[in-house]
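Data first, discussion second: the structure below is written as structure tokens.
The values are calculated or read from the model by the stated rules, or taken from the named source; none is laboratory data. The shown structure was predicted, so the numbers you read here are calculated from the model rather than taken from an experiment. Cβ atoms come from the backbone with ideal geometry, glycine included; neighbour counts cover every protein chain shown.
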Amino acid sequence: MSARLDSNYRAHAVNTLGDTEIDVLVIGGGVVGAGAALDAASRGLTATLVEARDFAAGTSSRSSKLIHGGLRYLEQLDFWLVREALKERGLLLQRLAPHLVRPVSFMLPLRHRVWERAYIGAGVALYDTIGGARALPMHRHLSRTRALELAPALRAEALTGAIRYFDAQVDDARHTMMIARTAAQHGATVLTRTKVTGLLREGERVVGAEVTDMETGRTHTVRARRVISATGVWTDEMNQLTGVEFPFRVRMSKGVHILVPRHRLNMDTGLIMRTEKSVLFVIPWYRHWIIGTTDTDWSLDKNHPAASNADVQYLLDQINQVLREPLTGDDIVGTYAGLRPLLSGASADTATLSREHAVAEPVPGLFVIAGGKYTTYRVMAADVVDAAVAGLGRAVAPSVTEHLPLLGAVGYHELVADLDGLAQRTGLPRATVERLLGRYGSVVTELFDLITREPDLGMPLAGAPEYLGAEVVYAATHEGAVHLDDVLTRRCRISIEADDRGLAAAPHVARLIGARLGWDAEKTEREIGRYRDRVAAELTANRAADDEAANAARLAAIA
């Protein structure tokens, strides 16, 4: 059986916080923090992860949802970063998370007949081979005729030809949560809604932290031989807790994405285009296309980065340059904004800041990891744990996560091979079973067990028929969901996929998970109301003219 992050798990974990000194306390439940907890636990260390909100609630649920090396980093001559990222892409596709990471096709339109094909073609050829990155098909050069056959939505005059290549994509929030569950399976304690409010010190050394349970308000003292901060864009707040200057700072870059229905763009491949500011992706995402991203400096509220009307219009303007039938605001069904934690530099342009990471020990006992990119999370996690255990006073095994499949990976291919049999035995449509396998891997059998016990859970959700009732129940009984927003926004992606941002589904989902989490009628209505307020705040921000107006509108709406 897999690790069950249910209400009993959480209650026991919170009640025993601080009972004994642990080896490693990890602060931050994004992809790097979850990766660090897994790395530490799989080396035999006692590890606890605490996260102030939810797994992946920040940057790690708001990415472009790509596992890639980054073509643009080749142009910046950052070969080491690209090589490292492509190695990680291959590991995730083939060994670590084949159930969560899958190939995705991209077409790069060419506008110049001679030099551009040679220049970009050489770069893509290097991208296909650097670091042994042969986990995906090689790129192909396309004539304009062949390119338009793949993407009839494009204007013929917008390209002279194209190059098609492959990368990989992931549901970032689900992937991060699965890393955390894998860490729990290896003995780590993983907790959401637990905020570090202070550091414990013995002289200059950090020896733990004060941790407040955000659900009850109780504060616990957690002693740890090493503390790891993997707090992303909140790194500077950790700096303030220490009272010393860090050797680096984090600068925030906002990336905005919009979702439009799949039928709105007649294409059999994703797109990648260079803009004057960054790179624009059009990424296939189930019944939708994700279009993004922006790359702009952000110095406002970290918890609720807002997509303004200017951001949305910028994305529409960029993609409409190549479309036969332009997209409009009426086509958009979802938006989201995330903040990239970039290592601060002298550049005034966030698009040119490095995506490499850094590890530091600003005060004895506290290790900080910052920078990097989603794809290289495992390397970042191993690096910070390596640094943390170097002076622990006993031998610690090297990192083993390169060889450690995530929960749901083992047995996944066998279930895929038996797809028709699974559909027949469960009574679910083949397409539904296939989709579930791509979200849960081999632990999908636990969902099937739920449906066997409660057949109604095999029915589509009201307001979000692409999802089953079993999925939202499983989020509460196995995946650590504590609030309605955890389910609608991260365990499922209803908040960005449903035309109404999940408002119609919210009551049904709240009743299903509330029954498992012990909510009474008042608590259920409060959760629904809070979610409605969140959606209203997002829509208000989307209509605001610029960042400051969007930030103010969102904060006012959720006050």
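Yes/no per residue for (1) among the β-branched types (Val, Ile, Thr); (2) part of a helix (DSSP H, G or I); (3) surrounded by fewer than 17 Cβ atoms within 10 Å (Cβ to Cβ):
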site	(1), (2), (3)
Arg490	no, yes, no
Pro507	no, yes, no
Gly514	no, yes, no
Trp519	no, no, no
Thr524	yes, yes, no
Leu539	no, yes, yes
Asn542	no, yes, no
Ala549	no, yes, no
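Being more than 17 Å from the chain's Cα centre (by Cα) and either free of Cβ contacts under 8 Å to residues at least 40 places away in the same chain or outside any loop (DSSP other than H, G, I, E, B) (or both) is the filter here; which residues of segment 290-302 pass it?
Thr296, Asp297
What is the number of the single condition among (1) at pLDDT below 95; (2) charged (D, E, K, R); (3) over 30 Å from Val222 (Cβ atoms) that Glu414 does not meet?
The single condition Glu414 does not satisfy is (1).
Tell me yes or no: at least one residue of segment 158-165 is touching a strand residue (DSSP E or B) at 6+ places or on another chain (Cβ under 6 Å) and closer than 23 Å to His403 by Cβ.
The answer is no; no qualifying residue exists.
With respect to Asp311, determine if the residue is over 17 Å from the mean Cα position of the chain (by Cα), crowded, with 20+ Cβ neighbours inside 10 Å and among the charged types (D, E, K, R).
When the stated conditions are applied, Asp311 passes them.
Yes/no per residue for (1) under 24 Å from Asp213 (Cβ atoms); (2) in contact (Cβ under 8 Å) with a residue 24 or more places away in the chain:
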| site | (1), (2) |
| --- | --- |
| Asp456 | no, no |
| Gly463 | no, yes |
| Arg491 | yes, yes |
| Ile494 | no, yes |
| Glu525 | yes, no |
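Of all residues in segment 207-232, how many are part of a loop (DSSP other than H, G, I, E, B) and among the charged types (D, E, K, R)?
2
Within the bounds of segment 169-180, is there any residue that is surrounded by fewer than 17 Cβ atoms within 10 Å (Cβ to Cβ) and more than 30 Å from Ile319 (Cβ to Cβ)?
So far as segment 169-180 goes, no, none of its residues is surrounded by fewer than 17 Cβ atoms within 10 Å (Cβ to Cβ) and more than 30 Å from Ile319 (Cβ to Cβ).
For segment 335-359: of the residues being of a type in the set (Ser, Thr, Tyr) and at pLDDT below 55, which is farthest from Gly58 (Cα to Cα)?
Filtering first and then ranking leaves Ser347.
Answer yes or no as to whether Thr235 is assigned by TED's automatic domain parsing to the domain that holds Leu17, out of contact with any Lys or Arg (no Cβ under 7 Å at 6 or more places or on another chain), modelled with pLDDT of 95 or more and outside any strand (DSSP E or B).
no
I'd like to check something: does segment 193-203 contain any residue that is small (Gly, Ala, Ser), in contact with a strand residue (DSSP E or B) (Cβ under 7 Å, 6 or more places away or on another chain) and surrounded by 16 or more Cβ atoms within 10 Å (Cβ to Cβ)?
Scanning segment 193-203 turns up no residue that is small (Gly, Ala, Ser), in contact with a strand residue (DSSP E or B) (Cβ under 7 Å, 6 or more places away or on another chain) and surrounded by 16 or more Cβ atoms within 10 Å (Cβ to Cβ).
Being part of a helix (DSSP H, G or I) and under 23 Å from Asp171 (Cα atoms) narrows it down to one of Arg146, Arg117, Arg134, Arg89, so name that one.
Only one candidate passes the filter, namely Arg89.
Taking interchain pairs and intrachain pairs at least six residues apart, which have beta carbon atoms under 7 angstrom, with the first residue in segment 16-30 and over 17 Å from Ala180 (Cβ atoms) and the second in a loop (DSSP other than H, G, I, E, B) and at pLDDT 95 or above?
What qualifies is Asp23/Leu45; Asp23/Thr46.
Six or more apart or on different chains, Cβ under 9 Å: which pairs go from a residue in segment 177-195 that's farther than 16 Å from Thr231 by Cα to one that's outside any loop (DSSP other than H, G, I, E, B) and modelled with pLDDT under 95? Could you list them?
Qualifying pairs under 9 Å: none.
Is it the case, given these coordinates, that Leu406 is outside any helix (DSSP H, G or I), within 18 Å of His99 (Cβ to Cβ) and not acidic (Asp, Glu)?
Yes.
Looking at segment 46-68, can you tell me whether even one residue there is more than 17 Å from the chain's Cα centre (by Cα), part of a loop (DSSP other than H, G, I, E, B) and of a type in the set (Ser, Thr, Tyr)?
Yes.
Test each condition in (1) in contact with a strand residue (DSSP E or B) (Cβ under 6 Å, 6 or more places away or on another chain); (2) surrounded by fewer than 19 Cβ atoms within 10 Å (Cβ to Cβ); (3) within 23 Å of Leu436 (Cα to Cα) for Thr46 and report the one that comes out false.
Condition not satisfied by Thr46: (3).
Give the number of residues within segment 465-478 that are touching a residue at least 60 places away in the same chain (Cβ under 8 Å) and either more than 14 Å from Leu436 (Cβ to Cβ) or touching a His at 6+ places or on another chain (Cβ under 9 Å) (or both).
Residues meeting the conditions: 2.
Scan segment 157-206 for residues that are charged (D, E, K, R), out of contact with any Gly (no Cβ under 9 Å at 6 or more places or on another chain) and part of a loop (DSSP other than H, G, I, E, B) and jot them down.
Of everything in segment 157-206, just one residue is charged (D, E, K, R), out of contact with any Gly (no Cβ under 9 Å at 6 or more places or on another chain) and part of a loop (DSSP other than H, G, I, E, B), namely Arg193.
Going through segment 499-531 one residue at a time, which ones are hydrophobic (A, V, I, L, M, F, W, C) and over 26 Å from the mean Cα position of the chain (by Cα)?
Ala515, Trp519, Ala521
Being charged (D, E, K, R) and either in contact (Cβ under 8 Å) with a residue 60 or more places away in the chain or not assigned by TED's automatic domain parsing to the domain that holds Ser399 (or both) is the filter here, so list the residues in segment 354-385 that pass it.
Arg355, Glu356, Lys373, Arg378
If I ask for residues that are modelled with pLDDT of 90 or more and loosely packed, with under 15 Cβ neighbours inside 10 Å, which ones from segment 127-140 would you list?
Within segment 127-140, Pro137, Met138, Arg140 meet the criteria.
Inspect all residues belonging to segment 379-399 and state whether any of them is of a type in the set (Ser, Thr, Tyr) and either assigned to a helix (DSSP H, G or I) or within 18 Å of Asp172 (Cβ to Cβ) (or both).
no
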